[in-house]
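Student: Let me give you the structure first, and then I'll get to my questions.
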Amino acid sequence: MASHKVSRAPDGQILTHAVWSEGVPTLLPHAHQITLVGNDLGRTQIPWNALQTILVEPLQPQGLTPERYLARVFPRRL
């Protein structure tokens, strides 16, 4: 299960962040930014909505509270 971190931007906006490592199926929280850590991508930060557009297999909601999404197939490119 990916951690879900919260921070505050200089303008006061609350931001959330999670990390997904290649080769590790994980339960991602819905976060503003996802950091992808992988062999081909290095360490890349991507917004949640952009992540949805590059996945081969859609994230699968698990019916948890707060919701978590099963992420199994790591993206190969952005």
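No value in this document is a laboratory result; all are computed from the given coordinates. Because the structure is predicted, anything quoted here is derived from the model rather than measured. Because the Cβ atoms are built from the backbone with ideal geometry, glycine has one as well, and the counts that use them run over all protein chains shown.
Student: Apply the Karplus parameterisation 6.51 cos²θ - 1.76 cosθ + 1.60, with θ equal to phi minus 60°, to every residue of region 14-28 and state each ³J(HN,Hα) to the nearest whole Hz, in sequence, with x for glycine and proline.
Tutor: Taking θ as phi minus 60°, the curve returns 7, 10, 10, 8, 9, 10, 10, 9, 4, x, 10, x, 9, 9, 8 Hz for region 14-28.
Student: Send over the Kirkwood Rh of region 5-71, from the inverse of the averaged 1/r over different Cα pairs, rounded to one decimal Å. Before the final figure, lay out each step's value.
Tutor: Working: mean 1/r = 0.0788 Å⁻¹.
Kirkwood radius, region 5-71: 12.7 Å.
Student: Just rank 53, 44, 65, fewest to most, by other beta-carbon atoms within 10 angstrom. Can you show the working numbers first?
Tutor: Numbers: 53 10, 44 13, 65 5.
Starting with the residue having the fewest Cβ neighbours, the order is 65, 53, 44.
Student: Run the simple label-point estimate for residue 60 and residue 30 please: 7 Å along Cα→C-beta, distance reported in nm.
Tutor: Calculated label separation equals 1.9 nm.
Student: Add -39500 (n - 2.57) for each DSSP H run of 4 or more in the chain, then divide by its residues: what number comes out at 222 nm, to the nearest 500 deg cm²/dmol?
Tutor: Numbers: 1 runs with 7 residues, N = 78.
One gets -2000 deg cm²/dmol as the mean residue ellipticity at 222 nm.
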